[in-house]
Amino acid sequence: MKKWLIPVIIIGIILYVLYSWAKGFNNEAVVLQEDAKTKWSNVESAYQRRNDLIGNLVKTVQGAADFEKSTLTDVINARAKATSVNINAGDLTPEKMAQFQQAQTGLTGALSKLLVSVERYPDLKANANFLELQSQLEGTENRINVARDRFNEDVNKYNKHIKVFPNSIFAGWFNFDEMNRYQANPGSENAPDVNFDFNKKAA
């Protein structure tokens with residue numbers, strides 16, 4: 001074997017190892033990133049389910065005589081604002097996530113006020129549709145919490161993958177940026193109170 005072939009072979013082996021390493025990093029990063037994006041879509045889907053349920057809840061409550069119109073208007077407006085704020089899963093900037101969160105928090109507050117107001121309407125509290133919607137909303141709040149936790153878990157896996165050395169070098173080469181976790185407002189981790197004392201007398 002000619003002596004000049006030895007360094008060529010060594011260089012070739014080194015390049016192949018680097019290529020395989022970079023390819024493995026890139027493919028794993030893509031998979032983890034896409035998994036996190038899918039989990040964000042699940043977060044939005046859970047919130048959409050809540051928005052749909054609230055639409056039905058509003059229709060049910062509207063049928064109650066003398067129900068506070070301002071309370072209903074607040075819920076309708078907050079729901080419209082919440083549904084108008086959407087984020088592309090590939091562009092989860094802190095600013096856009098904060099905007100999404102703020103809209104959802106506003107809807108949560110309006111919904112809580114609506115549900116508390118129902119206490120003064122015994123006929124509405126006994127309405128079968130209202131009871132079913134109340135139960136579904138409670139379950140949906142749990143779904144939202146689970147979806148957000150799963151999103152954060154997948155973001156954590158992706159971020160660790162691209163930040164550990166030497167993956168951090170490849171991340172720069174392939175333009176893989178850190179993803180932002182969902183961070184709730186202080187106190188917003190508490191779901192709206194949808195549990196009522198149905199034996200309580202109306203005020």
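The values are calculated or read from the model by the stated rules, or taken from the named source; none is laboratory data. What you see is a predicted model; the values in this text were computed from it and never measured. Glycine also receives a Cβ, built like all others from the backbone with ideal geometry; neighbour counts cover every protein chain displayed.
The table below lists the values:
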| item | result |
| --- | --- |
| Hits in region 1-21 - residues which are more than 21 Å from residue 173 (Cα to Cα) and of a type in the set (Phe, Trp, Tyr) | 4 |
| All positions within region 1-32 that are charged (D, E, K, R) and more than 26 Å from residue 156 (Cα to Cα) | 2, 3 |
| Members of region 77-110 that are touching a helix residue (DSSP H, G or I) at 6+ places or on another chain (Cβ under 6 Å) and either farther than 19 Å from residue 141 by Cα or not hydroxyl-bearing (Ser, Thr, Tyr) (or both) | 78, 79, 81, 82, 85, 87, 89, 103, 104, 106, 107, 110 |
| Only one of 45, 20 that is of a type in the set (S, T, N, Q), free of Cβ contacts under 8 Å to residues at least 60 places away in the same chain and out of contact with any Lys or Arg (no Cβ under 8 Å at 6 or more places or on another chain) | 20 |
| In region 90-102, the residues that are crowded, with 16+ Cβ neighbours inside 10 Å and either assigned to a loop (DSSP other than H, G, I, E, B) or touching a residue at least 24 places away in the same chain (Cβ under 8 Å) (or both) | 92, 97, 101 |
| Residue, surrounded by the most Cβ atoms within 10 Å (Cβ to Cβ), within region 142-180, restricted to residues that are modelled with pLDDT of 90 or more, of a type outside the set (Val, Ile, Thr) and part of a loop (DSSP other than H, G, I, E, B) | 176 |
| Count - residues of region 56-75 that are exposed (fewer than 15 other Cβ atoms within 10 Å of the Cβ) and of a type in the set (Val, Ile, Thr) | 1 |
| Filter result (without any contact (Cβ under 8 Å) to a residue 60 or more places away in the chain and under 23 Å from the mean Cα position of the chain (by Cα)) within region 48-73 | 48, 51, 52, 55 |
| From the options 61, 43, residue that is farther than 22 Å from residue 158 by Cβ and assigned to a helix (DSSP H, G or I) | 61 |
